[in-house]
Amino acid sequence: MTTTEPAPLVPLHRLHFDEPGPPRPGELPGGAPAWLVSRYADVRQVLSDPRFGRAQLYADDAPALSDVPDLVNNPDLMFNQDGPDHLRLRRTLRRAFTPRAVARWQPWIAAIVEELLDRLAERPRPVDVVEEFTLPLPVAVISRLMGLDGSARDRMRHWSEHAFSDGSHAGEEVAAVLEEFGAFGAELLAERRRAPGDDLISGLVRGADEEGGLPEAQLVSLVCGLVVGGHDSTMTMLGNALLYLLGERPESWPRIGADEEAAGRVADRLIHLVPLGDDRGTTRRASVAVEVGGVTIPAGAVVLADCGAANRDPDVFPRRTLDDLFAPLEAPTLSLGAGAHYCLGAWLARTELQVALHRLAARFPGLRLAEPVERVTWRTGTTSRSPRRLEVSW
């Protein structure tokens, strides 16, 4: 009896995307039927049109999106609410993640970056930049914003691995971890009600009081989503960005270190081109029949919006600038969503990536990979993917 070895994982910046085309019937990763939408205008319509919602994905007659429980498919999560229910939850944090608010945070984010770079400089080479930089940076940032203590920081990765499980964890294990995580979120809300401060959770409590009548389960899910989403995406983006820049675009490194504004354009381009994981898009469900790109999507159909393909649509993003890291984007990226469900922490993630890349390149202009890209081991088991370790030297 012979066994087939699984195909080696390729870096996410090397994933192949089919040419965008008209909406067509297809299937979800689990085999359930779905409509595939891949052109930029069509994907943007699906993500922005309220007739394509998230909540109906969890109706009794909807196909199962996952075989195990996870945070992403919890109907109480803000991302899985639509219309007034979604808006009420979103308003509880309406002022927290604006560009103006994030701009006020930038000095202390930069201070955290510099402290980590000081430690990095003292480590014997080669050094694991994941352990020393790409993981502790977003953990420190979200911990400060939310007023989390050291014990919560230590458990953050454990919670994330199960909250964003790709189905490879046992259902009972995921359920137990999510129960523990939910209890943490509930206790954190209770603490901030007893002794409010100037952190995000205290602001959430005040916003919820202003809105009135918000279900506690939805607030707990919002807290848990902030805890794990607030560091996992940035860690993933930063690790994948460094793998790409140092492994395949080293000529860009000096300019990133010399020009913070240019580093911001690189951050925008990397968010646009390098996905967080192997999933090709995000799902919605049509509440009524809707015409998209000249094709009628029937009522009740599940739609997979392929953001990766849409972000490479040659009608919007010309081939001549697609790989120019310093060129401004020709249109808003769909990597962070669009419409009512646009990523709440988009500006914070972009700022962290910009500051981290700029300061790292300025401090270590000779930074280089200490092993070939092909030898990188990957963090798997979750819906996002990035290097588990990334050895660098200078």
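Here is a yes/no grid of residues against (1) crowded, with 23+ Cβ neighbours inside 10 Å; (2) among the charged types (D, E, K, R); (3) assigned to a helix (DSSP H, G or I):
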position: Gly182; (1), (2), (3): no, no, yes
position: Arg192; (1), (2), (3): no, yes, yes
position: Gly203; (1), (2), (3): no, no, yes
position: Gly207; (1), (2), (3): no, no, yes
position: Leu214; (1), (2), (3): no, no, no
position: Met235; (1), (2), (3): yes, no, yes
position: Leu238; (1), (2), (3): yes, no, yes
position: Ser252; (1), (2), (3): no, no, yes
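Exactly one residue out of Glu115, Glu132 is in a helix (DSSP H, G or I), without any contact (Cβ under 8 Å) to a residue 60 or more places away in the chain and surrounded by 15 or more Cβ atoms within 10 Å (Cβ to Cβ), and it is Glu132.
Considering only residues that are touching a His at 6+ places or on another chain (Cβ under 9 Å), aliphatic (A, V, I, L, M) and open to solvent by less than 20 Å² (accessible area, probe 1.4 Å), look in the stretch 141-180 and name the one that is modelled with the lowest pLDDT. Among those that are touching a His at 6+ places or on another chain (Cβ under 9 Å), aliphatic (A, V, I, L, M) and open to solvent by less than 20 Å² (accessible area, probe 1.4 Å), it is Val174.
This table checks each residue for (1) within 17 Å of Ser38 (Cβ to Cβ); (2) in contact with a helix residue (DSSP H, G or I) (Cβ under 7 Å, 6 or more places away or on another chain).
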site	(1), (2)
Gly293	yes, yes
Pro298	no, no
Ala301	yes, no
Gly308	yes, no
Val316	yes, yes
Ala327	no, yes
His341	no, yes
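Just give me the residues in the stretch 356-388 being of a type in the set (D, E, K, R) and surrounded by fewer than 16 Cβ atoms within 10 Å (Cβ to Cβ), in sequence order.
Passing the criteria: Arg368, Glu371, Glu374, Arg375, Arg388.
Residues considered: Leu93, Leu57. Of these, the only one that is in contact (Cβ under 8 Å) with a residue 60 or more places away in the chain and in contact with a strand residue (DSSP E or B) (Cβ under 6 Å, 6 or more places away or on another chain) is Leu57. Just one of (1) open to solvent by less than 50 Å² (accessible area, probe 1.4 Å); (2) over 18 Å from Asp199 (Cβ atoms); (3) among the hydrophobic types (A, V, I, L, M, F, W, C) fails for Trp105. It is (2). For the stretch 17-60, taking the residues that are of a type in the set (D, E, K, R), open to solvent by less than 80 Å² (accessible area, probe 1.4 Å) and assigned to a loop (DSSP other than H, G, I, E, B), the one that is nearest to Pro318 (Cα to Cα) is identified as Arg39.
Condition (residue is under 24 Å from the mean Cα position of the chain (by Cα), of a type outside the set (A, V, I, L, M) and within 20 Å of His231 (Cβ to Cβ)) applied to the stretch 168-178: is it met by at least one residue? Scanning the stretch 168-178 turns up at least one residue that is under 24 Å from the mean Cα position of the chain (by Cα), of a type outside the set (A, V, I, L, M) and within 20 Å of His231 (Cβ to Cβ).
The values are calculated or read from the model by the stated rules, or taken from the named source; none is laboratory data. Computed from a predicted model, the values in this text were never measured in an experiment. Here Cβ is always computed from backbone atoms with ideal geometry, including for glycine, and neighbour counts include all displayed protein chains. Only protein heavy atoms, including side chains, enter the accessible area calculation; ligands, DNA and RNA are left aside. Shrake-Rupley method; radii C 1.70, N 1.55, O 1.52, S 1.80 Å.
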